[in-house]
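Worksheet: one structure, shown below.
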Amino acid sequence: MTVLTRPELIGTITELRAALDRDRAATRRADGTPGRVVLVPTMGALHAGHLSLVRRARSRGEIVVVSIFVNPLQFGAGEDLDAYPRTLDADVALLTELGVDVVFVPTADEMYPAGGGLTRVVAGPVGSLLEGAARPGHFDGMLTVVSKLINIVGPDTVMFGQKDAQQVFLVQRMVADLNLRVAIEVAPIVREPSGLALSSRNRYLEPSEAEAAVSLSEGLGAASVAAALGTADAAAATRTARAIIAARPLVKLDYLVVVHPETFLPVEAQHRGPARMLVAALVGHTRLIDNVPLDLNPEPRATAQKI
C-alpha cells in the first residue's frame, strides 16, 4: 500500500527559502549539483490542466513547488477577485496524490507588504492588446507576480500551459529581456472530451452555454484544417473560424485574430507561414479564451492541429 505524503504548506518567503535550501541539499545529484526545482504557478481551483503541468514538473526535477496565490494585481475594477474560487483543501488533496513537495500559499500582505508595491514589471505594447485591452493592467500584474515567484523560489524551470498564449509569450519575453536564469516550459492545452479548453471558469457555464462554448475549439480546428490543406491565408482561416462561432447565439465574440508567434502582433490578411489564432468570447457571463497554432503555407500538409 502506497502512503501519500502531504506536501509541505508554507506561507512565508523566509520559510520557503529555508525549506528549499534544505531540499536542494537533500536531493543533491551524483555530480554534486543540487536537486532541480520546478515551479508550477497557479491561482488555485485546480483542474486537470493544472494537474498535467504538475505531472510534467514531477518528471523534470527532484523538487516540485506549486504556488497557490490569487494575485490581486491581475484583477481590475469590477473583475472577480472576491468571487474567484478558492478551494485550498481540495487543491492540496490533489497535489498530495501527485507527490508535490511544497505548496507555497502566501497572503497578499506577504507578497506585497507595501500594499502592492511601487515597483512593477510593465508588459509593454503587447500587454495592452487582446486580453490586455479587455483587462487593462492585467499583464503588468501577472508579470510582476511571476518575476517575484521566480526570485523567491529560484526554480530551474517554470511550467505554463499553452491555453494562456499571450501570458506565455509575455513571460518568455520578460525572461529573455531581463536575462533571468530560468527555463520556461510550455505544455499543450488540456481539453474536455467535447474539445473545450479546460479552465477554472468552465464551472460557471450552464449546460447550454458549455455546449455552445465548444464552437470556439471547433472554429479553431476548422481553421487549422484549412491551413493544413494549403488553401487558407490568415484572412481565409479567420473567416472559416468566425462562421462556425457566429452560428452560436450564446457566444459573443470579443476577438478572433491571427498573430505572428515571434511578435504576437496581428499579421496581414495575406500572411503565409507560422502563426497562431487566438479567440476570446463571452459565453453567458463567462469569458473564455482558446488558441491554436497555424501553418499557413501554400503547400498542403497531411495533418492538421487536432482540437
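Here are the numbers for the structure shown:
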read-out: Cα lying deepest toward the dipole's positive end in the chain, options Val121, Ile189, Ala45, charges on Cβ; value: Ile189
read-out: Where the chain is the region considered: accessible area per residue in Å², 1.4 Å probe; value: 47
read-out: Positive-pole candidate from Val102, Val70, Ala30, dipole of segment 1-160, charges at beta carbon; value: Ala30
read-out: Antiparallel bridge percentage (DSSP; both residues within the chain; nearest 5); value: 50
read-out: The chain - percent of accessible surface contributed by carbon and sulfur, probe 1.4 Å; value: 55
read-out: Potential extension, Asp254-Asp89 segment - 0.36 nm per residue separation minus Cα distance; value: 55.9 nm
read-out: Cα centre as origin, Lys/Arg/Asp/Glu Cβ charges: segment 163-281 dipole, Debye; value: 40
read-out: Ala133 paired with Arg60, simple spin-label distance in nm, labels 7 Å along Cα-to-beta-carbon; value: 3.1
read-out: Principal-axis tilt of helix 234-246 within the chain, Cα atoms, nearest 10 degrees; value: 90
read-out: Estimated FRET transfer efficiency when R0 is 41 angstrom, pair Ala48-Ala176 (beta carbons, to 0.05); value: 0.85
read-out: Contact order normalised by residue count of the chain, Cα under 8 Å, 6+ apart, percent; value: 16
read-out: Candidates per trypsin sites (Lys or Arg not before Pro) in segment 29-79, loop by DSSP, up to 11 other Cβ within 10 Å; value: Arg29
read-out: Computed Rg/Rh of the chain, alpha carbon atoms with Kirkwood Rh; value: 0.98
read-out: In nm, spacing of pseudo-spin labels at Thr96 and Arg120 (7 Å Cα→C-beta vector); value: 3.9
read-out: Relative contact order computed over segment 202-296 (Cα-Cα under 8 Å; 6+ residues apart), in percent; value: 31
read-out: Cα-centre dipole for the chain with unit charges at Cβ (Lys and Arg positive, Asp and Glu negative), debye to 20; value: 480
read-out: Estimated distance in nm for a label pair at Leu282 and Leu81, the labels positioned 7 Å out from Cα along Cα-to-Cβ; value: 2.2
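The values are calculated or read from the model by the stated rules, or taken from the named source; none is laboratory data. Because the structure is predicted, anything quoted here is derived from the model rather than measured. Using ideal geometry, Cβ is built from the backbone for each residue, glycine included, and neighbour counts are taken over all protein chains shown. Heads up: the accessible areas ignore ligands, DNA and RNA and are worked out on the full protein's heavy atoms, side chains in. Shrake-Rupley method; radii C 1.70, N 1.55, O 1.52, S 1.80 Å.
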